[in-house]
Amino acid sequence: MSEPAYVLDSTAFYAGIPYQGSGRYYTTYLVLEEVKHNNIGSSFLHSRVHVTEPSPDSVNKVKMTAMKTGDAGALSQTDLSLIALAMDLSIADGGVNLVSDDFAVRNVAKVLAIPLAQTSIKGGAWKNIVWKNYCRGCGKEYTNPKLTDCPVCGTRLVRKATG
Ligand SMILES: [Zn+2]
């Protein structure tokens, strides 16, 4: 058995995860861009962390899934790249775990059956959540994450977790 592999988000870098243990660490260029402003992008880091790009197919699949779960609006390009990379690696190398504390990232990863590392800084139980846009004015619910105002009465919609 090879040692475990981890796909790291920026909070994992801030938590110092790549500096501990002996796992194989992966991240995307977009994550590296975020963390290198904080002097984390040293040559040491480059020797410990494999920086790679996800396949465009996986990025598209993650986007489609995020639209369905209602998480699309909460995910940055960086988040999308990270989930897509974890998806690529979980196909190529079954032993990969995604490390992220971001709720939307974890939710989409779970729907895509990507293993999530249980090293969450906050901990707690995670379950799949489908977000709906809810109108406080007339009580209607909408699944389209792009809607910001109620088409019926014009009230600003609020996000509501269901399921
Ligand atoms: Zn309404």
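The values are calculated or read from the model by the stated rules, or taken from the named source; none is laboratory data. Just so it is clear, the structure is predicted and the values come from calculations on it, not from any experiment. With ideal geometry, Cβ positions are generated from the backbone for all residues, glycine too; neighbour counts draw on all protein chains shown.
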Restricting attention to segment 133-147, the residues that are surrounded by fewer than 14 Cβ atoms within 10 Å (Cβ to Cβ) and under 16 Å from residue 71 (Cβ atoms) number exactly 3
Any residue that is modelled with pLDDT of 80 or more and more than 30 Å from residue 144 (Cβ to Cβ) - is there at least one of those in segment 97-112? yes
Return the residues of segment 64-94 that are among the charged types (D, E, K, R) and touching a Pro at 6+ places or on another chain (Cβ under 8 Å); say none if nothing qualifies. 71, 88
